[in-house]
Amino acid sequence: MSEAPVKKSFFSNLGLWITIAMFLGIITGILMGPSAKMLAPLGEIFMQLIKMTVIPLVFFSIMSGAISLGETKAAGKIGAATFAYIIITSMIAVALGIAVGEIFKPGLGISKESLQSMFSNQYAGKGQIGGFWDTIKAIIPANPFKALIDGDILQIIFFSLFVGIAISTLEKEKKDFILTACNNISDGLIVAIMAIMYTAPIGVFALMADATGTFGYEILEKVLYLFILYVGALIIYTYGFYGLTIKLFSKYPVIDFFKKMQKPQLVALSTASSMATLPVNMETCEEEIGVSKETTSFVLPLGATVNMSGNAIYYAMATCFFAQLFGISLGMKEYMAIIFTATVGSIGQAGVPGPTLLVVAVLSAANVPLTGLPILFGVDRFFDMLRTVTNITGDTACAVIVDQFKDEK
C-alpha cells in the first residue's frame, strides 16, 4: 500500500526531473565536448527499452480502440474526422512553413564557401516517395508477423485496424472476451513502460549531453536564424493554431489543455520521439484531459505515426532555406509540389528520432539541390526535439476534438 504514493509522487514530478536532467545534460555536453559521446549508450538503452514495449502497445491499443468504436455508428465518423484533421492540419503546416521561409528568407546571406566542405551528393536518390499504388501496397502487410518483428508501424496499424473492425462484428460474448484481453495486455504494457520511465531522467541526461557535445555551437551558428524562425513557427502553430481548433471544435478549455500537456511535451522534447512519448501522452489524454479510452486507444497510436505537422513545417522551411542559399526562385508550381510532397511525406514519417530523408523528396520535388543537406542533418536533433512537441500536441488535440463523436449511437 505504501508504494502507490511514491509512484504517484514520482510521476507527478516526472516533468521536473526530466527538465533538471535536460539542463544537466546540456551543461555536461558543453563541458565535455565531443567526449560526451561516451554517455550515448545510456540514452540509447533508454530508447531501446521504450521501443521494445511501444510496438506491442500500438498493436493492442489500436485493436482495442477499433473493436470498441466498431460497436457504435460513430466509428466511421471518428475515423473520417481523424484522417481529415491530420490531412488538413498537415497542409496548413506546410503553408505556414512556406510563408515564414519566404517572408524572413533565412537562406540569404549565408556564404556558400563556408559550407563548401560539407557539399556532397550522398543524399541524391534517397528519400523518394513512391507512387500512389506503391504507397498503398507498402501499407498492407503480406506477413503481419514480419511487420510486427520489423516494427513497420504503418503495416501494424493497418493490420490492427482491419482485424479490430472485423472482431467488432462478432457476437457479443466472443467480442467482449477479445476486447478484455486486448485491454488487459495494453494495461500491462503501460505498467511496464511506466516502470521504464523511472530511468527517463538518466536517458534524457545522456541524450542531451551527447547531442550538445557532438554538435557544439560552431555548426549551429550557420543555421541559427533558421532555427529561431522554426521555433517561432512551431509556437504559432502549436499554441495558436491547435489552440484555435480546440476552441472552435470542442468544449474543452484551451488553457487547461496546454497546462495538462506540459508533461508529455517535456518527454517529447527530451526524447525527440512521438512513439517514446506515446504512453505518457495516452495517460495524460485519458486520465487528466478526460478523453475516452476508446478514442485515446484509436487516435493517439495512429497519430504518433501519421500526424507529423511539425515535420511538415520543417520540410517547407528547409526547402525555402536551400532555395535561397542556391539563389533559386520558387514559383507557384514549386510551392504546390512542396505542399503535396511535404504533406504526404509527413503523414508517412515514422515517430522515431533521427534525421529524416523525406526532406530529400521535398527538395527534389521543388528542383532544389540536395548538396547542402549535411548542414541540417548535423543539427537535426535540435529541430527534431521541437517538432516532436508539436506532433504529440496535435495528436491529443485531434483526440479531444473527435471524442465528441463517440457518444453518438
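The values are calculated or read from the model by the stated rules, or taken from the named source; none is laboratory data. Note that the coordinates shown come from a computational prediction; the quantities given were computed from them, not determined experimentally. So basically every Cβ, Gly included, is an ideal-geometry build from the backbone, and we count neighbours across all protein chains shown. What goes into the accessible areas is simple: the full protein's heavy atoms, side chains included, and nothing from ligands, DNA or RNA. Shrake-Rupley method; radii C 1.70, N 1.55, O 1.52, S 1.80 Å.
Observations
- Subset of segment 16-48 (residues that are under 17 Å from A268 (Cα atoms) and open to solvent by less than 60 Å² (accessible area, probe 1.4 Å)): I18, T19, A21, M22, G25, I26, G43, F46, M47
- Taking the criterion of being at pLDDT 75 or above and crowded, with 20+ Cβ neighbours inside 10 Å, the residues of segment 362-371 that qualify are V362, L363, A366, V368.
Yes or no, residue by residue, for (1) over 30 Å from V402 (Cα atoms); (2) aromatic (F, W, Y); (3) out of contact with any Pro (no Cβ under 9 Å at 6 or more places or on another chain):
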residue: P301; (1), (2), (3): no, no, yes
residue: M308; (1), (2), (3): no, no, yes
residue: Q324; (1), (2), (3): yes, no, no
residue: S329; (1), (2), (3): yes, no, yes
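- Sub-7 Å Cβ pairs linking a first residue in segment 263-284 that is under 18 Å from W17 (Cα atoms) to a second residue that is part of a helix (DSSP H, G or I) and charged (D, E, K, R), at least 6 apart or interchain, are A272/R381; A272/D384; V280/K263; N281/D395; T284/K260; T284/K263, ordered by first then second residue.
Conditions tested, residue by residue: (1) farther than 21 Å from C285 by Cα; (2) of a type outside the set (A, V, I, L, M, F, W, C); (3) in contact with a strand residue (DSSP E or B) (Cβ under 9 Å, 6 or more places away or on another chain); (4) in a helix (DSSP H, G or I).
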residue: A166; (1), (2), (3), (4): yes, no, no, yes
residue: K174; (1), (2), (3), (4): yes, yes, no, yes
residue: L179; (1), (2), (3), (4): no, no, no, yes
residue: I185; (1), (2), (3), (4): no, no, no, yes
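- Checked across segment 106-115, the condition of being closer than 23 Å to D395 by Cα and modelled with pLDDT of 65 or more holds for no residue.
- Some residue of segment 254-274 being β-branched (V, I, T) and not in a helix (DSSP H, G or I): no
- Meets criteria (β-branched (V, I, T) and modelled with pLDDT of 80 or more) for I30: yes
- Filtered by the rule that a residue be over 15 Å from F104 (Cβ atoms) and not polar (S, T, N, Q), segment 323-339 gives F326, G327, I328, G331, M332, K333, E334, Y335, M336, A337, I338, I339.
- Scanning segment 136-157 turns up at least one residue that is modelled with pLDDT of 85 or more, of a type outside the set (F, W, Y), open to solvent by 50 Å² or more (accessible area, probe 1.4 Å) and part of a helix (DSSP H, G or I).
Listed here are the residues, each with its yes/no results for (1) open to solvent by 40 Å² or more (accessible area, probe 1.4 Å); (2) under 14 Å from the mean Cα position of the chain (by Cα); (3) at pLDDT below 85.
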| residue | (1), (2), (3) |
| --- | --- |
| T296 | no, no, no |
| I313 | no, yes, no |
| A323 | no, no, no |
| G331 | no, no, yes |
| M336 | yes, no, yes |
| V360 | no, no, yes |
| L373 | no, no, yes |
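- Within segment 158-191, being modelled with pLDDT of 80 or more, open to solvent by 40 Å² or more (accessible area, probe 1.4 Å), touching a helix residue (DSSP H, G or I) at 6+ places or on another chain (Cβ under 8 Å) and under 20 Å from T53 (Cβ atoms) holds for F159, I185.
- Count of residues meeting criterion [open to solvent by 10 Å² or more (accessible area, probe 1.4 Å) and either closer than 30 Å to F340 by Cβ or in a helix (DSSP H, G or I) (or both)] in segment 283-294: 6
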